[in-house]
Amino acid sequence: MGPTLLVVHHSPTEATERLLTALLDGINQPELADVQLVVREALAATADDVLRADGYVLGTPTNFGYMSGALKHFFDTVYEDCLDASVGRPFGLYVHGRNDATGAVSSVERIVAGLRWKPAAETFVCLGAVDQDALDGCWNLGASIAARLLQGL
């Protein structure tokens, strides 16, 4: 059995749902079939999900210059239980915003820094309409993190 990749997302809009679908398509490549994929909505993800995973991808829209309340709730729920038990695990992040995602990105980065997770790929930010470049970016994020997990990074 291969490594487990946990995707925790909040996808309340068509835009964020399309980005999630592209991300999952990137992960679900035949050459990455050994990666065990677990997908959880942010409000349903648990500390056990985090502790069972070898790496993570987080997805959120920008809400009022911050990560979504659902993703914040996820962190509030799992932080203490996972603080020392998930140190050094790789993560990736994708964010959708209308015109700025800086606050959402920095808020997630502050929390994962506290958890001592390690970035496994550059954060992907999509501003405005979700076009083919945005879909390709999320596809690449998913594929690259899954591939890194298989390599043991």
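The values are calculated or read from the model by the stated rules, or taken from the named source; none is laboratory data. Bear in mind the structure is a predicted one, so any value in this text is a computation, not a measurement. Note that we place each Cβ from the backbone using ideal geometry, even for glycine, and neighbour counts take in every protein chain shown.
Observations on the model:
- The sole residue among A53, A47, A22, A33 that is over 26 Å from D133 (Cβ atoms), in contact with a Cys (Cβ under 6 Å, 6 or more places away or on another chain) and modelled with pLDDT of 95 or more is A47.
- Neighbours by Cβ (under 6 Å, 6+ apart or cross-chain): first from the stretch 51-63, within 12 Å of V95 (Cβ to Cβ) and in contact (Cβ under 8 Å) with a residue 12 or more places away in the chain; second in a strand (DSSP E or B) and of a type in the set (S, T, Y): G59/Y94
- Flag if T77 is surrounded by 18 or more Cβ atoms within 10 Å (Cβ to Cβ) and not acidic (D, E): no
- Members of the stretch 123-144 found to be among the hydrophobic types (A, V, I, L, M, F, W, C) and farther than 17 Å from N28 by Cβ, listed by number: F124, V125, C126, L127, A129, V130, A134
- Qualifying residue in the stretch 38-50 (condition: without any contact (Cβ under 8 Å) to a residue 12 or more places away in the chain and aliphatic (A, V, I, L, M)): yes
- Condition broken by A85, with the remaining ones in (1) touching a strand residue (DSSP E or B) at 6+ places or on another chain (Cβ under 6 Å); (2) of a type in the set (A, V, I, L, M); (3) under 25 Å from Q36 (Cα atoms) satisfied: (1)
- Residue check, L5 under 13 Å from the mean Cα position of the chain (by Cα) and under 19 Å from L135 (Cα atoms): no
- Those residues of the stretch 65-98 which are of a type in the set (G, A, S), free of Cβ contacts under 8 Å to residues at least 60 places away in the same chain and closer than 17 Å to A45 by Cβ, in sequence order: S68, G69, A85, S86, G92
- Within the option set L149, L153, being buried (at least 19 other Cβ atoms within 10 Å of the Cβ) and either at pLDDT below 95 or touching a Gly at 6+ places or on another chain (Cβ under 6 Å) (or both) holds for one residue only, L149.
- Unique match (being crowded, with 18+ Cβ neighbours inside 10 Å and either in contact (Cβ under 8 Å) with a residue 40 or more places away in the chain or in contact with a Lys or Arg (Cβ under 8 Å, 6 or more places away or on another chain) (or both)) among A129, A101, A143: A143
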